[in-house]
Amino acid sequence: MSGKKQWLTLVLAWLLGVLPMVAKAPCKTADCDSCEVAVLGIGGQNRTWAGYGGGALQVSLPVWEHLHIQSGLQGLSSGVMTGLIHVQPVFPVKKGEVFADVTGYYGGFYKYGVSEWLAGGSVGWRNEHISAQIGLSVRWILDRDSSDKVVEPVDPFYRIAYRLKAGGAPWNLTGGVANYSRYQVERAMEPVFFLEGYYRLGERLSLIGELNIKPTGMFHLVASWYGFSAGIGLSYRFAL
Amino acid sequence: MKKPCLLLMMALCLSACNVDWLGFVYTRSADADARFAQSLEYNAQAGYASITVPDDSYRVYVLTDAHVTEKETRNIDRFVTDFLADGTAAPFWINLGDSVNDKGQEGIFESHISPLGAAGLRHFPTAGNHDVYFGEWNEWASRFHTATYWFEVITPGRGKDLFIALESASGTLGHSQRAWAEEILTESQGKYAHITVYTHTHFWKRDNSQTTTGNFALEETYDLADLFARTGVDIVLSGHDHAAETTVFKGVRYETLESLKMNDISPGYNILTYGKAIERNFVPIE
């Protein structure tokens, strides 16, 4: 399948699979403001691509009371299209909530004729400020022009974050480290440091932003700058 | 006041250890682009090597991750002894980096390999992450001069083979070295029977054999995989992981080689035979 067809297939699958959940989800929780769709402009720079830009779509919604879905779709001028989906069963506990996270990821690096697929599973715990999760993933790296493939099994998958304010605040900042962002899953030894936030412009509309910084060589113990990406956009929360 | 002092003391203690823990956040050696510039400056003065071999087939000794210390030199001595005893090997050898384990050990490594230089066997090294710990890049460069270069081997009837060393001690080639690699590989297309690229950092993570070893960032991994495929690279040699792995991707063969380090599970070195094809043979050291 050509790069353009893969791109279109991914977008179509995302539109058909995820967005309808926004309209049809039997969101029975008392606060359906957690159903959210966002659009961002993305820009960045790294040692491989110099400067690049693009856009992203994000959806975050509770499908049922104890099942949340988060999904992101990104396209970059560097010839990359990625899509990520997290399905999270969530269960309140005495302090905070525990959650599992089933992650699916697709990355199309069309400039290089490379596609990658990843499946991951993790468990975590979070409260009003802290979120931590850890698990494992398996990655398939495919050459679009031949049958060559590389399978990278059993790579750790993690995210640790701290949210400044409790939920429902008019603005908030969350910072942390993970080996994945909303758009890419890196190998475990290539962490991404992130800072994201929102500012409520109204009851349902928010200004959102994010910054991801990726060093390289940290686990070589020769840490160096690799690159960053930043995004700014708007999110809209649905009530059903 | 007490807490910052305690943290400072911990940092000083950690930096006094043989592992450069500060490298987790900051490297005291020059940046990848600066290291490349230094290598290129040396190359501009010294030029690039051209080695003539007597036969169309020749054998190349390759080692990686020797991690020599004052007390751990047995395996490098064994490598040197074997190489000197092999009268059929090519007059050069390749070193994929991490020659030393700790700071200040470069002189020990150099002294133990000196019999090879005395015998006219040329050393083609590149730097690994351990070689640049504690700001030791300048020490490494003062002894071995350049970590990014190319050289060619001329055979009587099979044409020439190209060898390209790329330095990846910090898990990236950096922007300038990547551009240089593309320039060299593009110019070399169609001119060589075999093209070999060698660097310290390995490209694929098909197991967790050393758990905490890092690779290149994924963008850089795919970019280099595409570059090597487009420009006809036959084989890419890497170390760092201390475990052997053969991967073929986009028609390019990636060989991660076993380490020479004493007390590793299966230490040894490799002999690559260049002929119509490239064959790899591992020589274990008990």
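The numbers here are math on the coordinates, done by the rules we state, and not lab data. All values derive from a computational prediction rather than experimental measurement. Positions of Cβ are generated from backbone atoms using ideal geometry, with glycine treated the same way; all protein chains shown enter the neighbour counts.
Here are a few things to note about the model shown:
- If a spin label sat at a point 7 angstrom from the Cα of B:Glu110 along the line to its beta carbon, no backbone N atom of region B:23-43 would be nearer than 13 Å.
- Average Cα contact separation per residue, region B:58-195, under 8 Å, 6 or more apart, as relative contact order %: 20
- Other protein chain C-beta atoms within 10 Å of residue C-beta, averaged over A:221-233: 6.
- 10 Å Cβ neighbours from other chains, averaged over peptide A:145-155: 5
- Net charge dipole, the protein assembly as shown: roughly 1700 debye, given to the nearest 20, about the Cα centre with Cβ charges of +1 for Lys and Arg and -1 for Asp and Glu.
- Neighbour cut-off at most 16 other Cβ (10 Å), DSSP loop, trypsin sites (Lys or Arg not before Pro), region A:176-240: A:Arg204
- Here chain A is scanned for GluC sites (Glu not before Pro) in DSSP loops (not H, G, I, E, B) that have at most 16 other Cβ atoms within 10 Å, and the longest stretch holding none of them is A:129-202.
- In nm, spacing of pseudo-spin labels at B:Glu286 and B:Arg143 (7 Å Cα→C-beta vector): 3.0
- Gain upon complete extension [B:Ala34, B:Ala244; 0.36 nm per residue less C-alpha separation]: 72.5 nm
- Cut-off 9 Å between beta-carbons: net charge of the residues surrounding B:His175, Lys and Arg +1, Asp and Glu -1: +1
- Length gained on full extension, B:Ala85 to B:Ala193: 36.0 nm, using 0.36 nm per residue less the C-alpha separation.
- Surrounding net charge for B:His240, when Lys and Arg each add one and Asp and Glu each subtract one, Cβ distance under 10 Å: -3
- Computed helical MRE - 222 nm, the protein assembly as shown, DSSP H runs ≥ 4 contributing -39500 (n - 2.57), nearest 500: -6500 deg cm²/dmol
- Under the criterion of Cα pairs below 8 Å and six or more residues apart, the relative contact order for chain A equals 16 percent.
- Sparse-neighbourhood loop sites, trypsin sites (Lys or Arg not before Pro) in region B:162-231 - DSSP loop, at most 16 other Cβ within 10 angstrom: B:Lys191
- Taking a Cβ cut-off of under 12 Å around A:Tyr180, the surrounding Lys, Arg, Asp and Glu residues balance to a net charge of +1, with basic ones at +1 and acidic ones at -1.
- Stokes-Einstein D for the protein assembly as shown, Kirkwood Rh over Cα pairs, 37 °C, 0.692 mPa s (µm²/s): 132
- The slack in the chain from B:Ile265 to B:Ala179, taken as 0.36 nm per residue of separation less the alpha-carbon distance, amounts to 27.2 nm.
- Equivalent ellipsoid semi-axes, chain A, via Cα gyration tensor eigenvalues times 5, rooted, Å: 28, 21, 19
- C-alpha long axis of helix B:106-118 to longest principal axis of chain B, angle in °: 20
- Normalising the average separation of contacting C-alpha pairs (under 8 angstrom, six or more residues apart) by the number of residues puts the relative contact order of region A:134-233 at 17 percent.
- Estimated translational D of chain B in µm²/s (Stokes, Kirkwood radius over Cα pairs; 25 °C; 0.890 mPa s): 127
- Charge dipole of chain A about the Cα centre (unit charges at C-beta), most positive-ward option of A:Trp117, A:Ile208, A:Ile134: A:Ile208
- The residue among B:Thr196, B:Gly214, A:Ser78 whose Cα reaches farthest toward the positive pole of the charge dipole of the protein assembly as shown, with charges on the beta-carbon of Lys, Arg, Asp and Glu, is A:Ser78.
- Angle in degrees between helix A:3-17 and the longest Cα principal axis of chain A, rounded to the nearest 10: 20
- Considering only chain B, percent of DSSP beta bridges that pair antiparallel, nearest 5: 50
- With a Förster radius of 41 Å applied to the beta-carbon distance between A:Leu67 and A:Trp171, the computed FRET efficiency rounds to 0.90.
- Taking the Cα centre of region B:27-284 as origin and assigning +1 to Lys and Arg Cβ atoms and -1 to Asp and Glu Cβ atoms, the resulting dipole is close to 460 debye.
- In this structure, A:Tyr162 and B:Thr273 have a Cβ-Cβ separation that, at R0 = 60 Å, corresponds to a calculated FRET efficiency of about 0.60.
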